[in-house]
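Reading through the structure tokens given below for one structure.
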Amino acid sequence: TSVAQIAILAGDGVGPEIMTAALAVLKAVSQDQFQYQLQAVPFGGIAIDQCGEPLPATTLATCQASDAVLLAAVGGPKWDLSPQRPEAGLLALRQALNLFANIRPTRITEANQHYSPLKLAAPVDFVIFRELTSGIYFGQPRTFSSEMAVDTMRYQREEIARIARLAFQFATTRSQHVTLVDKANVLASSRLWRQVVAAIAAEFPAVTYDTKYVDATAMQLIAHPEQFDVILTANLFGDILSDEAAEITGSLGTIPSISQGSQGPALYEPIHGSAPDIAGQSRANPIAMIRSVALMLVHSFKRTDLANEITTAIDAVMAAGIVTPDLGGSATTTAVTAAIINHIQESREVYATDHV
Ligand code: NAD
Ligand code: IPM
Ligand code: MN
């Protein structure tokens, strides 16, 4: 059996704390089950400090040579006024690995719906497919002067088609519904999305399809989040809606993501940032990062069995109220992590006892 090569980008702020937590869980679940090798490399603000740039060539080369990339978060006030920005490294990495699809799942179990700030009528389980390497984040021209600044929202047919195919494909494995979220009443690029996505929808007759404007979707996510299955949307809309979606679970600190292309390593990261306001205090919720490990085990290494052990443990620890302050608890990052690892190990012991 081969050894999985995993690039580790801990980054800035709470990044190192939640990465340590996630790697402890990976180690616990992997015992005699899964072999891997970690390559930790500098990325983001710490790479600016150490190497003068947020995405050093050696870091990119390590990512390209790996089977999967695990990323915590980058950025912070220290670099907000510097000519080099940590976030630019993240955009460059996504582009260099051609990670055009960013997949952000929001799922709330019955046992954990009391963490939601909403009164939920039904279970919530939807996935946002956010386009990640084009749109207003990358479009040219981009100019800045004290009199005028320009950003360009630009999409080409194939950039829309490739993520739309992934979203519809994914919907066939779920509740078979895709919602395209756009601003087609105003934006030309959104009208192209409608044209291209309608054609892809026709290739998936079993999947129902509708469209919604992004402003109305922001409202519907609060009013009736249970109505959504797969949300397909452009880069900026997906960025904004996914933070809103995360909060429906009770905290931004619970939602992981996959960033994937059509080949090469995928990247796994929480959707939240480096949370500089709580860095170094063991207050960060490690769940989004730990769930990112679970997504990696499923998607890059086909170890759904190990991922399920992690997810079950997270759900149980949350249900037991062992949670960080963002979810209203008083447990530390390390205490939550230890509880998750304990749950995994105890479940294995029970399983072993039952099967003698
Ligand atoms: P943020 O996501 O870092 O934090 C927003 C709020 O949510 C903060 O109050 C923070 O304490 C809280 N929060 C976030 N994650 C948490 C966790 N795991 N546990 C508990 N609380 C958590 O967003 P921001 O404050 O707007 O940005 C901070 C920095 O992070 C900026 O430099 C930004 O550019 C960067 N950022 C990076 C990424 C990334 O690396 N993918 C994503 C978003 C923001
Ligand atoms: C995210 C972040 C990034 C984005 C920033 C830090 C560039 O907000 O991953 O959601 O906007 O994509
Ligand atoms: Mn974001």
Scattering from the C-alpha atoms of segment 117-248 alone, worked out with Debye: what is log10 I(q)/I(0) at q = 0.13 1/Å? -0.55
Cα principal axis extents for the chain, largest first, Å: 63, 49, 43
Calculate the spin-label point distance for Thr208 paired with Gln35, positioning each point 7 Å from the Cα along the beta-carbon direction, and give it in nanometres. 4.9 nm
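When 1/r is averaged over all different Cα pairs and the result inverted, which Kirkwood radius in Å belongs to segment 30-141?
Answer for segment 30-141: a Kirkwood hydrodynamic radius of 17.0 Å.
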Looking only at aspartates and glutamates whose Cα falls under 18 Å of Lys183's and that sit 8 or more positions away or on another chain, we get Glu131, Asp151, Glu159, Asp210, Asp215, Asp239, Glu244
With contacts defined as alpha carbon pairs under 8 Å and 6 or more residues apart, what's the relative contact order of the chain in percent? 21 percent
Antiparallel bridge percentage (DSSP; both residues within the chain; nearest 5): 40 percent
Can you find, among His343, Ile160, Thr58, the residue farthest towards the positive end of the dipole of the chain? Put +1 on the C-beta of Lys and Arg, -1 on that of Asp and Glu. Ile160
Aspartates and glutamates with Cα under 14 Å of Lys27, excluding same-chain neighbours fewer than 8 positions away: Glu309
Counting sequence-distant residues (5 or more places) and residues on other chains, those with an amide H built under 5 Å from that of Ile231 are Val127, Ile128, Phe129, Thr179
If one builds a Gaussian network model of the chain from Cα atoms under 10 Å apart, the most fluctuating residue listed among Val230, Val214, Val74 is Val214
So, with points 7 Å from each Cα along the Cβ direction, the His177-Ala199 label distance in nm works out to 2.7 nm
Separation of the Thr143 and Asn98 label points, Cα + 7 Å toward Cβ, nm: 3.2 nm
If the elastic network links every pair of Cα atoms under 10 Å, which of Ala167, Ala57, Ala335 fluctuates the most in the Gaussian network model of the chain? Ala57
Sequence order, segment 312-326: Karplus ³J(HN,Hα) from phi using 6.51 cos²θ - 1.76 cosθ + 1.60, θ = phi - 60°, Hz rounded, Gly and Pro as x, gives 4, 5, 4, 4, 5, 5, 5, 4, 7, x, 8, 9, 6, x, 4
Restricting attention to the alpha-carbon atoms of segment 223-356, what are Rg (one decimal) and Dmax (integer), both in Å? 16.3, 54
Let me know the charge dipole size of the chain about its Cα centre in debye, to the nearest 20, where only the beta-carbon of Lys, Arg (+1) and Asp, Glu (-1) is charged. 680 debye
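Throughout, read-outs are computed from the coordinates displayed, never taken from laboratory work. Nothing here was measured: the structure is a model prediction, and the numbers come from that model. Positions of Cβ are backbone-derived with ideal geometry, glycine not excepted, and every protein chain shown enters the neighbour counts.
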